[in-house]
Amino acid sequence: MSYIVHVFYGVIMAYVGLISPGMLNMTALKIRIHSNKRDSVKFALGASLVVFIQAGIALFFADYFSSNPKVIENLKITAVFVFFSLALFFYLLSRKKMKVKDTDKNHNYFLRGVGMSSLNMLAIPFYLGVSIYLVSLDKIIIAQPFIVLFVLGTVIGSFLLFYTYIVFAKIIIKRISFIATNINIVLSMLFFILGILTLIKLLR
């Protein structure tokens, strides 16, 4: 059962982390609108593959820090900083008008997904902060094979999120401004609350 739990947490964290309309999911949506479903799925697969590496790096550092008790407290402080930074980031996104621009012609959509996902600088800090928080709650174990299972879950969750945008592309594109504003506000509040909870736990 613990194996399934780690996959589950990976899926949920990746889905939540990417749910806000951003560079990756909006590109998947645009490809679906301007090209076809098959090409958008190729893009989603490429983008999701990179998440495996990003989450793996984050869990590697979490594993290293958790095995060094002297830096655990500093790690928790880092998690607080990450959560508050994400809260501010999503709040600022909620203030922007989201528009869907035409996508340029690019026939290698898989490699395009790999390339664009590699530019997502928030991924590693996000997974690092989330994994630290889950460890502090004893929800996940930072050890093999649990690390691999969690990372696999993030890949699955990422692809499911991209696929959600692909499937509901026509609905989302009509209400993108409303969806973007409200999702980003919710995410901002969520990460702010996580930051507060982590800070309280740290002060105790």
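Between Leu122 and Ile12, what is the label-to-label distance in nm when each label sits 7 Å out along the Cα-to-Cβ direction?
2.0
How large is ³J(HN,Hα), in whole Hz, for each residue of segment 112-125 in order, when computed from phi with the Karplus curve 6.51 cos²θ - 1.76 cosθ + 1.60 and θ = phi - 60°, using x for Gly and Pro?
For segment 112-125, the Karplus-derived couplings read 5, x, 4, x, 5, 5, 5, 8, 6, 6, 7, 4, 5, x Hz, x marking Gly and Pro.
Modelling each spin label as a point 7 Å along the Cα-to-Cβ direction, I'd like the Ala143/Leu203 distance in nm, to one decimal.
3.3
Contour minus end-to-end for Arg38 and Ile185, with contour as 0.36 nm per residue of separation and end-to-end as the Cα-Cα distance?
Length gained, Arg38 through Ile185: 49.7 nm.
At R0 = 41 Å, how high is the FRET efficiency between Val5 and Arg175 if r is their beta carbon distance? Nearest 0.05 is fine.
After rounding, the FRET efficiency stands at 0.75.
Coordinate-derived values only; no laboratory data. Everything quoted here is computed from the prediction, not taken from an experiment. Here the Cβ is made from the backbone with ideal geometry for all residues, glycine too, and neighbour counts use every protein chain on show.
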